[in-house]
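The next block holds one structure in the form of structure tokens; read it before the comments.
The values are calculated or read from the model by the stated rules, or taken from the named source; none is laboratory data. These figures come from a predicted structure and were not determined experimentally. Quick reminder, even Gly has a Cβ in these numbers, built from the backbone with ideal geometry, and neighbours come from all protein chains shown. We work out accessible area using only protein heavy atoms, side chains counted, and drop any ligands, DNA or RNA first. Shrake-Rupley method; radii C 1.70, N 1.55, O 1.52, S 1.80 Å.
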Amino acid sequence: MPRGADVVPDVDINHGLAYPLAARSAKPSPTIVTVGNITIGEGCPVVVMAGPCSVESREQTLTTARAVKALGATVLRGGAYKPSTSPYGFQGLGIEALEILAEAKAETGLPIITEVMDPRLVEMICRYADILQIGTRSMQNFDLLREVGRTQTPVCLKRGMSASLVEWLQAAEYILREGNPNVILCERGIRTFETYTRNTLDLAAVPALKTLTHLPVIVDPSQGTGRSALVAAVCRGAVAVGADGLLIEVHPHPESALKDGPQQVTPDGFAALMAELHPVADALKRGIA
Ligand code: PEP
Ligand code: MN
């Protein structure tokens with residue numbers, strides 16, 4: 001089939017036809033993404049994904065994995081390939097980190113979410129990842145989106161830091177169109193004039209997306225605020241506005257983290273956060289997965 005045949009003219013963008021597969025009208029029931037025995041999506045219990053920004057060592061990752069598991073997280077996060085604004089910044093431990101995550105999964109049973117940046121590494125990372133994370137800086141890496149779309153591994157697509165909701169849904173469309181229906185959207189904040197917070201977390205995007213798309217929506221309060229002291233309150237807000245899950249950075253020693261120290265909560269902080277989150281999830285009759 002000639003690719004031009006299904007090109008959608010720009011004029012249709014305002015009518016939602018720019019993302020025909022992602023549109024709410026495309027599918028009567030919400031998309032529920034299954035990861036092991038966890039379900040993510042509308043009406044499901046709230047899923048808490050937690051762990052370090054980056055895998056820095058075996059001990060750091062295993063300590064964190066045990067702590068978040070004991071406190072009720074059901075997915076372990078950890079960056080192996082890190083997008084770094086500076087080429088001199090920490091780039092991640094790569095394959096060594098993936099092996100550490102595999103060990104943490106084997107011990108705790110927690111499925112793994114980790115970022116993929118390079119389309120050539122998708123196949124390899126799929127052997128370790130239960131959810132592929134596409135970072136904000138890659139949201140419009142269309143070759144990468146097509147590549148993850150050719151797998152059936154769930155994909156957590158973060159919002160580009162300057163992306164509109166429609167642009168974000170069009171990025172999701174690239175993945176869906178290749179045949180992978182397992183897309184989760186993650187709001188992680190956008191660039192504004194405000195600098196007190198690292199990004200401006202757009203919580204209104206959550207209920208807005210619920211009207212625009214059938215896909216699950218989660219929130220990352222860590223990149224969203226850049227400040228660990230704000231993370232717990234934002235988690236409660238995210239669940240209150242309808243988020244299907246949270247992606248939270250937890251580090252045993254944030255002060256010495258190789259990346260994103262100021263926004264990572266300690267295991268104690270995570271315990272307090274979870275205790276405050278439960279009544280909100282319960283009030284919405286969802287609970288926490
Ligand atoms: C992260 O989750 O550590 C990360 C780099 O996220 P983002 O792509 O949203 O900046
Ligand atoms: Mn981070």
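Descriptive notes on the structure:
- Scalar couplings 3J(HN,Hα) for region 177-189, obtained by applying the Karplus form with A = 6.51, B = -1.76, C = 1.60 to θ = phi - 60°, are 5, 7, x, 9, x, 8, 10, 10, 8, 10, 6, 9, x Hz; x denotes Gly and Pro.
- Given the chain, longest segment not containing exposed loop trypsin sites (Lys or Arg not before Pro) (DSSP; at most 15 other Cβ within 10 Å): 1-126
- Take residue 155: with every protein chain present and a 1.4 Å probe, its accessible area is about 0 Å².
- Where labels lie 7 Å past Cα in the beta-carbon direction, separation of residue 284 and residue 124 in nm: 3.8 nm
- Rounded Å value of the spacing that divides the Cα centres of region 82-99 and region 129-181: 20 Å
- Rounded percent of accessible protein surface that carbon and sulfur make up, the chain, 1.4 Å probe: 56 percent
- Each residue of region 261-274 was assigned a 3J(HN,Hα) from its phi angle through the Karplus curve 6.51 cos²θ - 1.76 cosθ + 1.60 (θ = phi - 60°); the sequence is x, x, 9, 8, 8, 7, x, 5, x, 5, 4, 5, 4, 5 Hz, with glycine and proline shown as x.
- Cα→Cβ-extended label distance, 7 Å offset, between residue 137 and residue 107, nm: 3.0 nm
- J(HN,Hα) series, region 56-61, from Karplus relation 6.51 cos²θ - 1.76 cosθ + 1.60, nearest Hz, glycine and proline x: 10, 7, 4, 5, 4, 6
- Percent antiparallel among DSSP beta bridges (both partners in the chain, rounded to 5): 15 percent
- At the residue level, residue 174 shows approximately 80 square angstrom of accessible surface with a 1.4 angstrom probe and all protein chains present.
- Residues of the chain: accessible area per residue with a 1.4 Å probe, Å²: 42 Å²
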